[in-house]
Structure formats: C-alpha cells, structure tokens
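Here is the structure we will look at, set down as structure tokens.
The values are calculated or read from the model by the stated rules, or taken from the named source; none is laboratory data. All figures in this text were calculated on a predicted structure; none of them were measured in a lab. Virtual Cβ from ideal backbone geometry, glycine too; neighbours counted across all protein chains shown.
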C-alpha cells in the first residue's frame, strides 16, 4: 500500500494513537526509574522508526508493560552498581538498550521472526500475569505517597552499611591505583576522613531505595508505607482509576486514560494542592547521548548481555503478537522479519536519544486502526504528535502528579494479566503427578514462570519456563512414540496390510518391530528394551523404518546398542524402507555396513519376505 494513499485516515489514526500513548509513555518512564522524559523519548523514536522500517502497516509502537518491567530490572541493577548515581549509570543503561535493539535487527536479518511463535503459551501466560502483578504491587508505594529515600528514620538504618560500602569503594580505588599496602594505611585514613555526612546520607538513600525496590522490597516497607500514608496522593490515584474505568462506560471514542490524566492533574494544579509532581521533563528537542560511545566500557554491560537478548526476544514476541492482532483486524499479512528489523532500529535510535525500549503496543494499534489508520504513515504521525506535545507542553506536563501516573499504571497492571490462562487452570487435564498431587503440566509451567518472575527474576524465569516446557514436551512426545511403537510379536501386534500374507510357519522364527515415529532422546529407553523382549525362538528381526523420519544422536547410539546386543545373541536384523536421514546417520558411524550389511536393507516388505522365505528355516 502506498504511503500517502490514505493520508486523512492515517493522520487521524496517528494523532489519536499519539494522544493515547502520551499518559502511558510518561507512566512507563516513571516506572522504569529513568523518569517521564525517557518514556516520552522512547515513544517518539520507536513509534516513528518502527513504523518507517517495520513490516506491519498499522502498528503503533512504544514503551509497553512487559518491556518496561524488564527494563526496570536492568536500570535498578546498573544504578546500584554505580553508587545510586543515575547520571553515572545512564551510559551503561542506554548501551544495554541499544544492544537489545541491535539484537532485534539481527533476529530479523537472520530470518528468525517465524520461530517466535514456538514459545509455549504457558510461558507467555505466566510472564504476562507476572508483569501485571509486579506493576500492581510496585505502584502501591507511589499511590500512597511513600518514598523510602525520603523516610529519614528508614534511611538512617542503612548508615552503618553505607559507611562499609564507602570504605570498600575507597579500598577498591586504591587497589586499582596500586597504592594499597598492608604496612601503611595513611592514604586510606586520609580518604576516609574526607567522607562527609552528606556522602554517607546519599549512600544510605541508595541502599534504602535498593532494599525497597521490586515486589519483595515493597512488602518489606509496606508497613512503614501504611503508617506514613498521604491521603491526598491516595485520593489522586483512586480518582484516576475510577475515571479510567468509569469513563469507558460513557464512551470509548475518547481515551479514558487521557481524560483521567487531564481531569486529575487539572484538579491538583487548579486547587493548588500540595501534591508530589513527576520529575521535570526537559524542554526542547531530545539530544543524542554521545556518552554511550565516549564512556563505553565492555565490563559495565557484560553481565547484561543475556538480559539484553531477553529484552530483544520479549520485544519481538510483544510486537509480533500485536502484528497478528492487526492482521486479524485489517485482513492483511505482516512481514515478521521486517517487523523485527523495524523494531530493532526504533529501539536502537530510541536508546541513543535516552529513551526506554518498547515494542508493538496492542491497544494503541487497535485505536489507530479504528480511527482510520491503514499505512505506516499513521505510526510515524503518532511519533511526530508526541514530539510536538513534548516541545509545546513539556513544562506543563512536568506538573502532572506522580500519584496520577501510579493510578494509570495500576489499571495497566490489571489489564495486562492473562485472565484467559488463569481461567483455564481448573479445567486443563491433570497429566502429571508430584507426590500425592495431580497437576496439569501447562498450569505448572505457568505458575513456575509467574512465581519466579514476580519474586525473583523476570529474565531467568522465562528461561527456566522454556526449559521446563521443552522437557515436558519431549517427555510427552517420547511417551506417545513409545505407545505407538510398542514391541510385540507379529501374532500379537496388529499386522500392517502388507504383512497379512506372511508365512504362518515362520512367525515363531521372525520377530517384526514397527517404529512409528522419530527415534530421539525422548524415546530411546523404550527402544533399548527391544532386545530383551524378543522371544528365544526368533532368529531374525525385521525392523520396519518407513515411519521413522528422524533419528538424533541419542537414537543413533540406542540403535547401535540394540544391534550389537542382537548380534551377540546370534540374531540377524533386516531393515525395511529405511529413510534418507536415518540412513545417513547410520552410515556416519558405520552401523551400515558393519552391523547391517547393505543386502539386509530392503525397499519394501515384499522384497524382505521373499528373502526370508529363502534364508530363514522353520525350526518351531
């Protein structure tokens, strides 16, 4: 579709989507830990460049709940490693985001977009529900107006630990400068004397904020938060939530999130209330952060390379799921690899300008389509719209109450949870046993990912969920293969059509084995029992391989073990209809011709039967 073929619809769709994106961009920026401007910058650049270079015409991109939740972990970790100094940590943070964008470009360039769909639903479900839980719980503190760094009594508890950290940093600096010697601590004492009370207080605040971060941190200080509750902040957050849900009942033509933001901010500013505003949004055009290059240190991002990859994969999943929604609404078909390249370019440029990473946003994309957007121009217009708002209304937006954004995020947390997956918990078949408990493997995976994501680590939780899901899938596949290819004598197993005329007098001497699926590491144990189950009367084993399309290395060695055992027992083996891939594997390690001579490999069962009639004697 040509870029300017639907300019009126695209303009209206893009402007509407940009307006919807504004409060969410600000809220996600605050939630990430980098401030509202980072959310706004991410929304501007990702929306524009992902639309320009992407593979989904109507997609609107920007910061999303899942991407922000993972970004939050990265940001908090790097800030903590930089003594709580955001400015000092910013180059490393943005470098990790840039790396994630480059990885997304790589995923698209390598053509891996089509493989994203193979991520199991329970892993995605558990992760999305965890995102919702994390957002809900971590927004409790700002919603009640409690900020641990500003609670002096709480901060004072960390002063002894802060002194230890400062001294440890002094010793590390001296070790780097090679002036630390056991015989003389004069320089250490001199530097320690230069530490002021303000330095100790700053480090104490950093430690207090770190201790109170995340879900577990919120629970640790929840008691203090409820004792120091700010009624005004609570009312602002509650008012925001009520308007968001209430206004939807009146009309969906105007975004209820934007209405809530304008109404509650207007009340707070108009009545001169003593509320806590968000961080100031810098005015003017966003400038590139050249410190990403000038202060680049590989050591500062090395621990986060796996995390950057997870961020890239999560952005890919998030975007392509939204692309599917857009396809269903517009009856079009997106280009997954091109979409990943577009998202990667958007995230890379967004990182250079100080924005948090994002992905295709479902709600914003739906709004764009419903408002008339049909081409990539709509996404570009949404980005430009946000830039205009930044340039024209930056100082005004800086007066938005922090509690209002907390209220917006609480509704986002409620909305992002996978209720479809949660509702399915009681009805899914219980196919595994854990002691006395019977559970559904799908539910188990979802709960493991949900629990680990919420209380431990989002990145590792997804990895563990994928491993468990893969192992369970392979076990099921192995069990099914074993059930279909159970070892039976010809007289006991249902004969295939071409076996009906097999000589009755040779049924004691000939044992026929059907393999009805891949021979891989999930099914080798059952296959290895073959030799033990062959009756003592059999001198010949026919293995029918026409339905064994694939054999991995584990299957290959299992086959070798069985053949060696049969040869030791003086049982000859005949292969029927050996397919190309298994044959190639067996030729690589000389099973063919050392254990199975080529003259013992037959194209079909008829040829094999003729050979048996000539070479196998009736003994029983």
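As an exercise: evaluate residue 208 against (1) under 15 Å from residue 83 (Cβ atoms); (2) at pLDDT below 85; (3) in contact with a helix residue (DSSP H, G or I) (Cβ under 6 Å, 6 or more places away or on another chain) and give the number of the one condition it does not meet.
If we test residue 208 against (1) under 15 Å from residue 83 (Cβ atoms); (2) at pLDDT below 85; (3) in contact with a helix residue (DSSP H, G or I) (Cβ under 6 Å, 6 or more places away or on another chain), just (2) comes out false.
Exactly one of these conditions fails for residue 388: (1) surrounded by fewer than 14 Cβ atoms within 10 Å (Cβ to Cβ); (2) part of a helix (DSSP H, G or I); (3) touching a strand residue (DSSP E or B) at 6+ places or on another chain (Cβ under 8 Å). Give me its number.
(3)
Would you tally the residues in region 328-349 being over 19 Å from residue 118 (Cα atoms) and either in a helix (DSSP H, G or I) or not assigned by TED's automatic domain parsing to the domain that holds residue 110 (or both)?
Start the filter on region 328-349 by keeping residues that are over 19 Å from residue 118 (Cα atoms), which leaves 328-332, 341-349.
Checking the rest, the ones that are also either in a helix (DSSP H, G or I) or not assigned by TED's automatic domain parsing to the domain that holds residue 110 (or both) come to 328-330, 341-349.
So the answer is 12.
Only helices (runs of 4 or more DSSP H) wholly contained in region 182-283 count here; list those with 1 or more residues that are under 18 Å from residue 136 (Cβ atoms). First the steps, then the outcome.
Working: elements: 186-193, 197-211, 214-227, 231-250, 256-270.
Of the helices (runs of 4 or more DSSP H) lying wholly inside region 182-283, those with at least 1 residues that are under 18 Å from residue 136 (Cβ atoms) span 214-227, 231-250, 256-270.
Out of 448, 462, I need the residue that is outside any loop (DSSP other than H, G, I, E, B), within 18 Å of the chain's Cα centre (by Cα) and modelled with pLDDT under 85. Which one? Quick ask: steps written out before the conclusion?
Working: 448 fails: modelled with pLDDT under 85.
Answer to the selection: 462.
Hey, among the residues in region 432-445 that are touching a strand residue (DSSP E or B) at 6+ places or on another chain (Cβ under 8 Å) and surrounded by 14 or more Cβ atoms within 10 Å (Cβ to Cβ), which one's modelled with the highest pLDDT? Lay out the reasoning, then the answer.
Filtering region 432-445 down to residues touching a strand residue (DSSP E or B) at 6+ places or on another chain (Cβ under 8 Å) leaves 432-433, 438-441, 444.
Imposing the further condition that a residue be surrounded by 14 or more Cβ atoms within 10 Å (Cβ to Cβ) reduces the set to 432, 439-441, 444.
On the way: 432: 80, 439: 81, 440: 84, 441: 84, 444: 89.
Per the stated criteria, the residue is 444.
Check 315, 354 and return the single one that is closer than 28 Å to residue 416 by Cα and in a helix (DSSP H, G or I).
Just one listed residue meets the conditions, 315.
Can you tell me which residue is farthest from residue 77 (Cα to Cα) among those in region 103-114 that are surrounded by 17 or more Cβ atoms within 10 Å (Cβ to Cβ) and at pLDDT 90 or above? Break it down into steps so the answer makes sense when it comes.
First, the residues of region 103-114 that are surrounded by 17 or more Cβ atoms within 10 Å (Cβ to Cβ): 103-105, 107-108, 113.
With the extra rule that they be at pLDDT 90 or above, the set shrinks to 103-105, 107-108.
Values: 103: 21, 104: 22, 105: 25, 107: 26, 108: 28 Å.
Among residues in region 103-114 that are surrounded by 17 or more Cβ atoms within 10 Å (Cβ to Cβ) and at pLDDT 90 or above, the one farthest from residue 77 (Cα to Cα) is 108.
Only one of (1) in contact (Cβ under 8 Å) with a residue 24 or more places away in the chain; (2) assigned to a strand (DSSP E or B) is not met by residue 379, so which one is it?
(2)
Is it true that some residue in region 404-425 is in contact (Cβ under 8 Å) with a residue 24 or more places away in the chain, surrounded by fewer than 22 Cβ atoms within 10 Å (Cβ to Cβ) and over 22 Å from residue 315 (Cα atoms)?
Checked against the condition, which is being in contact (Cβ under 8 Å) with a residue 24 or more places away in the chain, surrounded by fewer than 22 Cβ atoms within 10 Å (Cβ to Cβ) and over 22 Å from residue 315 (Cα atoms), region 404-425 yields at least one hit.
Determine, yes or no, whether residue 235 is surrounded by 13 or more Cβ atoms within 10 Å (Cβ to Cβ) and closer than 25 Å to residue 364 by Cα. Full working, then the answer.
Values: surrounded by 13 or more Cβ atoms within 10 Å (Cβ to Cβ): yes; closer than 25 Å to residue 364 by Cα: no.
In short, no.
Could you check region 228-255 and list, in sequence order, the residues that are under 15 Å from residue 147 (Cβ atoms) and free of Cβ contacts under 8 Å to residues at least 24 places away in the same chain?
none
Answer yes or no: is there a residue in region 264-274 that is exposed (fewer than 12 other Cβ atoms within 10 Å of the Cβ) and in the same structural domain as residue 75 (by TED's automatic domain parsing).
Checked region 264-274: no residue is exposed (fewer than 12 other Cβ atoms within 10 Å of the Cβ) and in the same structural domain as residue 75 (by TED's automatic domain parsing).
Assuming residue 118 fulfils every condition listed in (1) at pLDDT below 90; (2) closer than 27 Å to residue 279 by Cβ apart from one, which condition is it?
If we test residue 118 against (1) at pLDDT below 90; (2) closer than 27 Å to residue 279 by Cβ, just (2) comes out false.
Out of region 505-526, which residues are modelled with pLDDT of 75 or more, part of a helix (DSSP H, G or I) and touching a helix residue (DSSP H, G or I) at 6+ places or on another chain (Cβ under 9 Å)?
To start, the set of residues in region 505-526 that are modelled with pLDDT of 75 or more comprises 505-520.
So of that shortlist, the ones also part of a helix (DSSP H, G or I) come out as 505-506.
Matches in region 505-526: 506 only.
Quick check on this structure: which one of 55, 13, 39, 18 is in the same structural domain as residue 346 (by TED's automatic domain parsing), at pLDDT 90 or above and over 15 Å from residue 357 (Cα atoms)? Show your work before the answer.
Details: 13 fails: at pLDDT 90 or above; 39 fails: over 15 Å from residue 357 (Cα atoms); 18 fails: at pLDDT 90 or above.
The match here is 55.
Just a yes or no: is a residue in region 278-291 closer than 16 Å to residue 23 by Cα, crowded, with 19+ Cβ neighbours inside 10 Å and touching a strand residue (DSSP E or B) at 6+ places or on another chain (Cβ under 7 Å)? Can you show your working first?
So the first thing to find is which residues in region 278-291 are closer than 16 Å to residue 23 by Cα, and the list is 278-281.
Filter again for crowded, with 19+ Cβ neighbours inside 10 Å, leaving 278, 281.
Subsequent filtering for residues that are touching a strand residue (DSSP E or B) at 6+ places or on another chain (Cβ under 7 Å) retains none.
Taking every residue of region 278-291 in turn, none turns out to be closer than 16 Å to residue 23 by Cα, crowded, with 19+ Cβ neighbours inside 10 Å and touching a strand residue (DSSP E or B) at 6+ places or on another chain (Cβ under 7 Å).
How many residues, within region 581-602, are farther than 11 Å from residue 559 by Cβ, touching a residue at least 12 places away in the same chain (Cβ under 8 Å) and not in a helix (DSSP H, G or I)?
Residues in region 581-602 being farther than 11 Å from residue 559 by Cβ, touching a residue at least 12 places away in the same chain (Cβ under 8 Å) and not in a helix (DSSP H, G or I): 2 in total.
Can you say whether residue 306 is over 30 Å from residue 373 (Cβ atoms), assigned by TED's automatic domain parsing to the domain that holds residue 62, touching a residue at least 12 places away in the same chain (Cβ under 8 Å) and under 23 Å from the mean Cα position of the chain (by Cα), as far as the supplied structure shows?
Numbers: over 30 Å from residue 373 (Cβ atoms): yes; assigned by TED's automatic domain parsing to the domain that holds residue 62: yes; touching a residue at least 12 places away in the same chain (Cβ under 8 Å): yes; under 23 Å from the mean Cα position of the chain (by Cα): yes.
For residue 306, the condition - over 30 Å from residue 373 (Cβ atoms), assigned by TED's automatic domain parsing to the domain that holds residue 62, touching a residue at least 12 places away in the same chain (Cβ under 8 Å) and under 23 Å from the mean Cα position of the chain (by Cα) - is met.
Could you please give the count of residues in region 295-324 that are out of contact with any helix residue (DSSP H, G or I) (no Cβ under 8 Å at 6 or more places or on another chain) and loosely packed, with under 12 Cβ neighbours inside 10 Å?
Of the residues in region 295-324, 3 are out of contact with any helix residue (DSSP H, G or I) (no Cβ under 8 Å at 6 or more places or on another chain) and loosely packed, with under 12 Cβ neighbours inside 10 Å.
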